[in-house]
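Chemist: So that we are looking at the same thing, I have put the structure below in structure tokens.
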Amino acid sequence: MLAAMNIPPTDQVQQAVIHVQGLEKSFKQLKVLRGMDIDVARGTVFALLGSNGAGKTTVVKILATLLKADAGTARVNGFDVAAQAAEVRESISLTGQFAAVDEILSGRENLVLVARLRHLKDPGAIADALLKRFSLTEAGTRRVATYSGGMRRRLDIAMSLIGNPPVIFLDEPTTGLDPEARIEVWHAVKELVKGGTTVLLTTQYLDEAEHLADRIAILHEGRIIVNGTLDELKQLLPPAKIEYVEKQPSLEDVFLTLVGSRTNKEER
Amino acid sequence: MNRHFVGDTAVLLGRSLRHIARSPDTIITTAIMPIAFMLLFVYVFGGAIETGTDSYVKYLLPGILIITIASGISYTAFRLFLDTKGGIFERFQSMPIARSSVLWAHVLTSLVANLISIVVVVGVALIMGFRTGAGVSQWLAVAGILVLFTLALTWIAVIPGLTAKTLDGASAFSYPLIFLPFVSSAFVPTESMPGPVRAFAEHQPVTSIVNAIRDLFSQQPVGTDIWIALAWCVGILVVAYLFANVTYRRKIS
């Protein structure tokens, strides 16, 4: 699978695979994007942070050719999203806010469906390999309607990997998931990046960005107000003071200690 | 046309047919109401209805088939609505597939499902004593009219399927279509109706379609009815197809 991934030579690694400049979009009177710019380097995870309604999904939809921008340019993998939509669609996969899976089909049938629509040879083998990679082999023949939220998301991400698109958009991949499922998804994203895929991730959870992203941008009122690595972002604040605070376990720590042992085992 | 159109449509058609195979209730519920109407009219009202023919079930069947199709196509709106509300519609739109395949798969699924329902309804009619001396060519003509009518109504159903805000809204549009046969020659001869109602009944599509199918079943010369019926079917089909595609393009761009 790696051989087909088309990993570019190192001198191109820093070249932007997603390039967005001056992007504007309004819905009737509401200006959602007011001149947004980002560049995402190949093979990195870029997190777009923002509160609800900040326009994160709008950006993703424009980049995935589902919406047309009012102004500005956006290029994905070297193709213009407006003028070369078909080429862009060859280069991307979208995992939207709601798991884009077919509930009536089984997990395996979902994977085969996408492999067929991407016109690949041997869809069955592709499906089986992905089921294995995302620990869904046992559940593969069950209807997706019986899956847990985390399993559904893993299947969703597995479907996005078919055909090895160089760019993957993950729109709030962990919204509405329980902490265990969230860790499952993080695990899946890390798997993805190992293969050299570029990931644009939107999230409203700061720890998620901290955990996964190489670069983080904050989208606020339609513009990018900060863009940098985690360390660069941290330097924006006054230097850390040393204080002595009693270390209290967070509720997440407690929850995961009590119920998380099973997940940890699975991950290994 | 995109070079993958046929292949992509076939793959997506396979998906929708699998949905139907896994919830055959959509075919059963489509067939149940027309069968209930048929039982009611033949065994309850039929004795009092003067049609001037020997067998009322034979008189009634063409109208019942129209009702079957009219209730069956609401499932197209239903399935399309569920696709657009779930993420799967956007996944398909962001993939390198022929975009019109998404609609055509639903339309062809409707055709298959409705033909199965029609076979079930005709089977019940045979049990109830429906007999016809129609030969292969007459049956093919009947099938052709019904296929055209199904395609025409299905393309209408695509529009609410794409635009509805709620599930009820997506399927409610078919109720008037189901009742259109009642104000036609489907159940009683139009001569028995008062002036304005009769004028409406004789000039709406169902009457010409029903008359054409009835003539084919009883091996009568079909006359002008079949041409009027075909004109209605093709006319509705073309207009609905154009509107559905405008709606689709507006939705995906």
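FYI, it's all coordinate maths here, none of it is from the lab. Quick caveat: nothing in here was measured; it's all calculated off a predicted structure. Here the Cβ is made from the backbone with ideal geometry for all residues, glycine too, and neighbour counts use every protein chain on show.
Chemist: Taking the Cα atoms of chain A alone, what are Rg (to one decimal) and Dmax (as a whole number) in Å?
Modeler: Every Cα atom of chain A included, Rg and Dmax give 19.2, 60 Å.
Chemist: Once a ≥ b ≥ c are taken as the square roots of the eigenvalues of the Cα gyration tensor of the stretch A:49-188, is the result rounded (a/c under 1.5), prolate (a/b larger than b/c) or oblate (a/b not larger than b/c)? If you can, show how the numbers build up before the last one.
Modeler: Numbers: a/c = 2.41, a/b = 1.36, b/c = 1.77.
Judged from the Cα gyration tensor, the stretch A:49-188 comes out oblate (a/c at least 1.5, b/c at or above a/b).
Chemist: Between the helical axis of B:100-127 and the dominant principal axis of chain B, each derived from Cα atoms, what acute angle in degrees is found, rounded to the nearest 10?
Modeler: 30
Chemist: Can you work out the base-10 log of I(q)/I(0) for chain B at q = 0.09, 0.17 1/Å, using the Debye formula on its C-alpha atoms alone?
Modeler: The Cα Debye sum returns log10 ratios of -0.41, -1.28.
Chemist: Per the helix-only calculation at 222 nm, which mean residue ellipticity applies to chain A, given -39500 (n - 2.57) for every DSSP H run of n ≥ 4 and division by its residues, nearest 500 deg cm²/dmol?
Modeler: Working: 11 runs with 98 residues, N = 268.
When only DSSP H runs of four or more count, the value is -10500 deg cm²/dmol.
Chemist: I need the phi-derived Karplus couplings for the stretch B:79-86: 6.51 cos²θ - 1.76 cosθ + 1.60, θ = phi - 60°, integer Hz, Gly and Pro marked x.
Modeler: 5, 5, 4, 4, 5, 6, 6, x
Chemist: Also, I was wondering about something else. Could you work out the mean count of beta carbons from other protein chains within 10 Å of each residue's beta carbon in A:61-68? Spell out each step's value before the answer.
Modeler: Values: counts 3, 0, 1, 5, 4, 6, 2, 1.
What the average comes to for A:61-68 is 3.
Chemist: Please give the average number of partner chain Cβ atoms lying within 10 Å of the Cβ of each residue in A:99-108, rounded to a whole number. Walk me through the intermediate numbers first.
Modeler: Working: counts 4, 8, 4, 9, 4, 9, 5, 1, 0, 0.
Shielding by partners across A:99-108 averages 4.
Chemist: If you take each beta carbon of peptide A:157-163 and count the beta carbons of other chains within 10 angstrom, what is the mean? Intermediate values should be presented prior to the final figure.
Modeler: Working: counts 0, 0, 3, 2, 0, 1, 2.
So the per-residue partner count for this stretch is 1.
Chemist: Counting only DSSP beta bridges with both residues in chain A, tell me the antiparallel percent, nearest 5. Walk me through the intermediate numbers first.
Modeler: Details: 22 of 40 bridges.
So the antiparallel bridges amount to about 55 percent of the total.
Chemist: Right, something else. Roughly how many nanometres apart are two label points built 7 Å out from the Cα toward the Cβ at A:Asp70 and A:Asp128?
Modeler: 5.3
Chemist: How big is the C-alpha Rg of the stretch B:1-89 next to the rule-of-thumb value 2.2 N^0.38 Å, as a ratio?
Modeler: 1.55
Chemist: Return the equivalent ellipsoid semi-axes of the stretch B:118-195 as a descending list in whole Å, where each equals the square root of 5 times an eigenvalue of the C-alpha gyration tensor.
Modeler: On the way: eigenvalues 164, 76, 34 Å².
They are 29, 19, 13 Å, listed largest first.
Chemist: Determine which residues of the stretch A:67-90 fall in the zone a paramagnetic label at A:Gln15 would reach in this model, i.e. backbone nitrogen under 11 Å from the point 7 Å along Cα→Cβ.
Modeler: The answer is A:77-79.
Chemist: Looking at the stretch B:5-150, I'd like the Rg to Rh ratio, where Rg is from alpha-carbon atoms and Rh is Kirkwood's inverse mean 1/r. Please list the in-between numbers first.
Modeler: Working: Rg = 18.2 Å, Rh = 16.9 Å.
My calculation puts Rg/Rh at 1.08.
Chemist: From zero outward in steps of 10 Å, how is the percent of C-alpha pairs of the stretch A:159-268 spread across the bins?
Modeler: Percent of Cα pairs in each bin: 11, 34, 35, 18, 2, 0.
Chemist: For the stretch A:121-169 and the stretch A:52-85, compute the distance between their C-alpha centroids and round to whole Å.
Modeler: Rounded to whole Å, the Cα centres lie 26 Å apart.
Chemist: Something else now. If I require 20 Å or longer along the helix axis, counting alpha carbons, and a Kyte-Doolittle average no lower than -0.5, what helices from chain A are left? Use full DSSP H segments.
Modeler: Span-like helices in chain A: A:179-194.
Chemist: Next up: Given 37 °C and 0.692 mPa s, compute D for the protein assembly as shown with the Stokes-Einstein relation, Rh being the Kirkwood radius over Cα pairs; round to the nearest whole µm²/s. Display every interim value, and only then the final one.
Modeler: Details: Rh = 26.2 Å.
Translational diffusion coefficient: 125 µm²/s.
Chemist: Specify the inter-centroid distance of the stretch B:23-45 and the stretch B:72-126, based on alpha-carbon positions, in whole Å.
Modeler: Their Cα centres are 21 Å away from one another.
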